[in-house]
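Participant: Here it is: the structure, laid out below.
The values are calculated or read from the model by the stated rules, or taken from the named source; none is laboratory data. Keep in mind the model is a prediction, meaning the values are calculated, not measured. Don't worry about glycine lacking a Cβ; one is built from the backbone with ideal geometry, like all the others, and counts go over all protein chains shown. Just so you know, the surface numbers come from the protein's heavy atoms only, side chains and all, with ligands and any DNA or RNA stripped out. Shrake-Rupley method; radii C 1.70, N 1.55, O 1.52, S 1.80 Å.
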Amino acid sequence: MWEAIRAFWVEGSLVQTIIIICFTCGIGLWLGKLRMGAVSLGGVCVFFLGIMMAHFGVRVNEPMLIFAQNFGLVLFIYALGVQVGPGFVATFRTHGLSLNLWSLGLILMGTIAAVVLVLVGYDTVGNVMGILSGAVTNTPALGAAQQALLSAKGSSSATHEAMNAMALATAITYPIGTVGVFLVLELLRSFFPSRAKQKVAEEPNEHHIAEYYVVNEGIVGHTLEEVHKTFRQDYVISRIYRNKDLITPTPDTTFKLGDHLLVVCKMDTVDVLEHIFGQLVEQEEKRTDWYSIESSDNLVSKRIIISKAEINGRSLRDLRLRNRYGVNITRINRADLDLVPTPDLILQLGDRITAVGPEDKVDLLAKELGDQLKPLDTPYLVSIFIGMGLGLLLGAIPISLPGMDAPIRLGIAGGPIIMGILMGAYGVRFRLNTYITHSANLMLRTLGITLYLGGLGLSSGADFFGMLTEGPGLSWLGVGAALTIIPSFMVGLLALLTTKQTFSTIAGWICGAMANPIALDYMTERLEDDTPTVSYASVYPMGMFLRVIIAQLLVTILLA
């Protein structure tokens, strides 16, 4: 029996490789769920289990392992891009720009330190990039650096040895990368205890509800359409209370003196609209019974989900819902963000719109838009595969830079993440169905990164302990600790000293810039505050994108 097990362990057949990958990924994920106090390692346990299995002599089919590893990386990177794409631009319209600039500073400080290490001859560019990838707990950046090395040097035994060494450097420094962020955040929290207790003030949503009295005689007698064309502001008048009657306005409705308006607008247009209508209703004077006032039109308010493919990519102006149904669209929720329903807003599958109007008309509108969850439950695989294919084509395009003899390529990591963001943000404009439910996207990302980490551990783990005990492993560990702790502490301290950001906000973007969800979970539990999660989500996509692109550029440039 033991002979059969030993033979299977080193067989290297296709079936054996699939079995080994499945058990590595499955058991690794199970181990990752085990908690040690407030900490669990998550999917990275797959990586370490793969290393352990390779150390104990498992041998698999190498071409198949490389395919599984690379396909997993592409799947993870592309799904991540699609997920963050719709809200990617919107993030920069508010606090996201500031947080991403701080995150960029942290990323650049670590990157500059890595470049200096290469230039002073500490180690090869491949090994230093492996150390940096582990220090910032960013395995996709490792994949990008490996692909850049393969592209620059070509496929050879020396190249594959260098790629394995790069992965070992990441494996050795990854634990200190995780723990180092814990230490930095606890140190900063002890230095600024009052900031750690401070709560972030609520920021205005893009979607705002205001009330006005019409006292501007200049608009009296003019239709809603005429006034809107004259002043060209983004707002929607949801309801009008006039002479104890509730009216659902249409473009032909005329303003009358004393009309009480319920208006959906952006926060920064509230004062402008006061000049147009005449008088802003103060908070304490606002009506609280808008949705309970009896109306001859039997008005209702209903949230409708867009689930029909033919609506995807069409604008509100194109659909002419108000003219056709006498219904007002008062808000659109997309990716948990409330948007003002302007005429030029492009609708996407999965959008949740709030419609106000006569009940029978709202029901007809719901039928036209779909209003069913079932059609959205199944991801549209056509766009997923085509998007990944286009991303790989984009990654293969040679890009010539001044001063470089050979062109660079975005590779299998850079191309798919850019294409994923573009598809998620703008695919709808070309009537492409790129909608993926959050749970389906999470499964795709988890499957992809798990395959990548499992393959990475199995392909590079044979020399792990030898490198740690007899090679430069301990030196790598010290350098990795420095690359984790010094940049994050210095940038975090500077933010605390020079900005009014709360500690919770700073902790979130530090975790996001360092791609460290484990530290994020730890700080969220310690602070009993969701602010770190919001801050993390604001910078993580850009941080991931920059790490992947920078890793490829550095390897290509420093090897030129």
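Participant: For K33 and V382, FRET efficiency with R0 = 22 Å and r from the beta-carbon atoms, rounded to 0.05?
Facilitator: 0.05
Participant: If you rank F182, F255, F430 by how much accessible surface each has, with a 1.4 Å probe, what is the order from largest down?
Facilitator: F430, F182, F255
Participant: What's the angle, to the nearest 10 degrees (0 to 90), between helix 125-135's Cα axis and the longest principal axis of the chain?
Facilitator: 60
Participant: Could you work out how far apart the two model spin labels at K308 and N323 are, taking each label as a point 7 Å from the Cα in the direction of the beta carbon, and quote it in nm?
Facilitator: Label at K308, label at N323, 1.8 nm between them.
Participant: Now, a different point. In the full protein assembly as shown, how much of R287 is accessible to a 1.4 Å probe, in Å² to the nearest 10?
Facilitator: Estimated to the nearest 10 Å², R287 gives 70 Å².
Participant: A follow-up question, please. Taking the alpha-carbon centroid of each part, what is the distance from region 215-294 to region 145-195 in angstrom?
Facilitator: Taking the Cα centre of each part, region 215-294 and region 145-195 sit 56 Å apart.
Participant: Let me ask something else about it. Nearest 10 degrees, 0 to 90: what angle lies between the long axis of helix 531-559 and the longest principal axis of the chain (Cα atoms)?
Facilitator: 50
Participant: Using heavy-atom solvent-accessible surface (probe 1.4 Å) with all chains present, what is the largest-first order of E274, E470?
Facilitator: Largest accessible area first, the list is E470, E274.
Participant: As a test of reading the structure, rank H228, H222 by solvent-accessible area (1.4 Å probe, protein chains only), most first.
Facilitator: Per-residue accessible area, sorted high to low, gives H222, H228.
Participant: Note down the nm distance, to one decimal, between modelled labels 7 Å out along Cα→Cβ at H222 and at H55.
Facilitator: 7.6
Participant: From the cross-link list K229/K361; K308/K374; K286/K361, which pairs have alpha carbons spaced over 22 Å apart?
Facilitator: From K229/K361; K308/K374; K286/K361, over 22 Å: K229/K361; K286/K361.
Participant: Can you give me the accessible area per residue for the chain, using a 1.4 Å probe, in Å²?
Facilitator: 46
Participant: Using amide H atoms built 1.01 Å from N in the peptide plane, name the residues 5+ places from R331, or on other chains, whose amide H lies under 5 Å from its own.
Facilitator: Close amide H contacts, sequence-distant or interchain: T354.
Participant: I've got another one for you. Once the Cα atoms of helix 503-513 and of the chain are each reduced to a long axis, what angle between those two axes, in degrees from 0 to 90 to the nearest 10, is obtained?
Facilitator: 60
Participant: Let me ask something additional. Relative contact order for the chain: what percent, with Cα pairs under 8 Å and sequence separation of 6 or more?
Facilitator: 27
Participant: Which value, in debye to the nearest 20, gives the size of the charge dipole of the chain about its Cα centre, when Lys and Arg are +1 and Asp and Glu are -1 at the Cβ?
Facilitator: 660
Participant: Specify the inter-centroid distance of region 102-117 and region 343-360, based on alpha-carbon positions, in whole Å.
Facilitator: Region 102-117 and region 343-360 have Cα centres spaced 45 Å from each other.
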